[in-house]
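Following: one structure in structure tokens, then a few remarks.
The values are calculated or read from the model by the stated rules, or taken from the named source; none is laboratory data. Keep in mind that this is a model prediction, so the values were computed, not measured. In this analysis, Cβ positions are derived from the backbone assuming ideal geometry, glycine residues included, and neighbour counts consider all displayed protein chains.
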Amino acid sequence: MLEPASEMLRELFAARALYVAALLVLPFAGVLVGLDVAARYGEITGAYLPYQFFLSQDQGFGEYLEYALMTAMAAMLLLLWRRDGSPIYLVNALLFLVLAADNALEIHEKFGFAVARWMPQTLPIEPHHLGEPLLFAIIGGAWLVGLALSLKASRIRPVINSLLIAACVGGTAVFGIMVDEMVVYGPHTPAMTQVEAFIEDGGEFGMIVIAFLLTVAIFEVERGRAHPPAGSEAAPAAG
């Protein structure tokens with residue numbers, strides 16, 4: 001698998017759509033990160049700024065970009081599934097739809113409060129913060145089962161593409177779950193809270209942007225293989 005994976009990575013980095021998407025998204029993402037830094041500095045100094053500046057704030061500017069990117073990723077993966085037939089694309093598309101809905105509807109926050117009574121009550125962390133990662137564990141477990149079940153029914157290229165996307169999802173989970181628990185565990189000074197929260201939100205935001213750019217490149221490469229330019233022959237399918 002290493003040889004086709006190496007070749008596919010070269011194809012992805014050569015995809016023109018990757019750089020067009022980066023040119024469109026990265027400047028806006030950079031502005032949002034800067035607004036988040038300014039808002040966190042304002043929280044420490046008392047010069048409070050609009051809540052929409054925070055990357056993780058519901059109904060904030062950063063959250064709206066995340067909704068758009070995850071919905072776009074789901075749409076591209078659904079189109080790849082319809083063309084290729086590999087169910088592993090469908091599994092990843094459903095994951096991004098669920099995550100976008102969770103962000104928009106605050107599902108994991110509501111779930112955390114709903115199960116808080118059954119969480120440990122004596123730890124230096126509020127019980128609902130223990131319930132929130134439980135929902136993500138359920139979602140992640142269902143996603144991993146779906147990936148495992150779809151492997152045999154998927155060709156090698158979709159499998160490799162999905163593993164790349166899965167790496168981004170794993171990175172997002174590290175920041176969105178593990179670092180998030182560090183932020184709310186035990187006492188913190190205001191400065192510590194804001195620094196750790198920025199690492200959490202900025203890391204999660206960055207991984208979503210990377211996953212989007214990667215999905216754009218995958219979509220262009222696979223679409224090009226299915227519809228080669230006039231006068232050229234379609235590349236043979238791997239697997």
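Table: residues versus (1) modelled with pLDDT under 90; (2) within 28 Å of F53 (Cα to Cα); (3) of a type in the set (A, V, I, L, M, F, W, C); (4) assigned to a helix (DSSP H, G or I).
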{"residue": "H129", "(1), (2), (3), (4)": "yes, yes, no, yes"}
{"residue": "V145", "(1), (2), (3), (4)": "no, no, yes, yes"}
{"residue": "K152", "(1), (2), (3), (4)": "yes, no, no, no"}
{"residue": "C168", "(1), (2), (3), (4)": "no, yes, yes, yes"}
{"residue": "G202", "(1), (2), (3), (4)": "no, yes, no, yes"}
{"residue": "L214", "(1), (2), (3), (4)": "no, yes, yes, yes"}
{"residue": "V221", "(1), (2), (3), (4)": "no, no, yes, yes"}
{"residue": "R225", "(1), (2), (3), (4)": "yes, no, no, yes"}
{"residue": "A237", "(1), (2), (3), (4)": "yes, no, yes, no"}
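Residues that are surrounded by 17 or more Cβ atoms within 10 Å (Cβ to Cβ) and free of Cβ contacts under 8 Å to residues at least 40 places away in the same chain within region 69-92 comprise A74, L78, W81, listed in sequence order. Residue check: is E63 buried (at least 19 other Cβ atoms within 10 Å of the Cβ), part of a helix (DSSP H, G or I), of a type in the set (D, E, K, R) and modelled with pLDDT under 95? It is true that E63 is buried (at least 19 other Cβ atoms within 10 Å of the Cβ), part of a helix (DSSP H, G or I), of a type in the set (D, E, K, R) and modelled with pLDDT under 95. The condition (being assigned to a helix (DSSP H, G or I), surrounded by fewer than 19 Cβ atoms within 10 Å (Cβ to Cβ) and in contact (Cβ under 8 Å) with a residue 60 or more places away in the chain) is satisfied by just one residue among A5, A21: A5.
Yes/no per residue for (1) among the charged types (D, E, K, R); (2) on the phi > 0 side of the Ramachandran plot; (3) at pLDDT 90 or above:
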| position | (1), (2), (3) |
| --- | --- |
| L149 | no, no, yes |
| I165 | no, no, yes |
| T172 | no, no, yes |
| G176 | no, no, no |
| E181 | yes, no, no |
| Y185 | no, no, no |
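Please tell me if A74 is in contact with a helix residue (DSSP H, G or I) (Cβ under 7 Å, 6 or more places away or on another chain) and outside any loop (DSSP other than H, G, I, E, B). Judged against the criteria, A74 is a match. Please indicate, with yes or no, whether at least one residue in region 41-52 is part of a helix (DSSP H, G or I), of a type in the set (G, A, S) and within 18 Å of the chain's Cα centre (by Cα). Within region 41-52 (the criterion being part of a helix (DSSP H, G or I), of a type in the set (G, A, S) and within 18 Å of the chain's Cα centre (by Cα)), the answer is no, since none of the residues qualifies. For region 166-189, filtering for residues that are of a type in the set (V, I, T) and more than 20 Å from E109 (Cα to Cα) leaves 1. Against the test of being more than 30 Å from E3 (Cα to Cα) and crowded, with 18+ Cβ neighbours inside 10 Å, the options L95, L130 yield a single qualifying residue, L130. Only residues that are surrounded by fewer than 16 Cβ atoms within 10 Å (Cβ to Cβ) and among the hydroxyl-bearing types (S, T, Y) were counted in region 180-212, giving 2. Number of residues in region 89-117 that are outside any helix (DSSP H, G or I) and either closer than 17 Å to A137 by Cβ or touching a helix residue (DSSP H, G or I) at 6+ places or on another chain (Cβ under 8 Å) (or both) equals 1. Among the residues of region 196-213, write down those that are out of contact with any Lys or Arg (no Cβ under 9 Å at 6 or more places or on another chain) and hydrophobic (A, V, I, L, M, F, W, C). Matches in region 196-213: I199, F205, M207, I208, V209, I210, A211, F212, L213.
Screening the candidates I160, I138, I177 for the property of being in contact with a Pro (Cβ under 6 Å, 6 or more places away or on another chain), assigned to a helix (DSSP H, G or I) and either surrounded by fewer than 18 Cβ atoms within 10 Å (Cβ to Cβ) or not acidic (D, E) (or both) yields one hit, I177.
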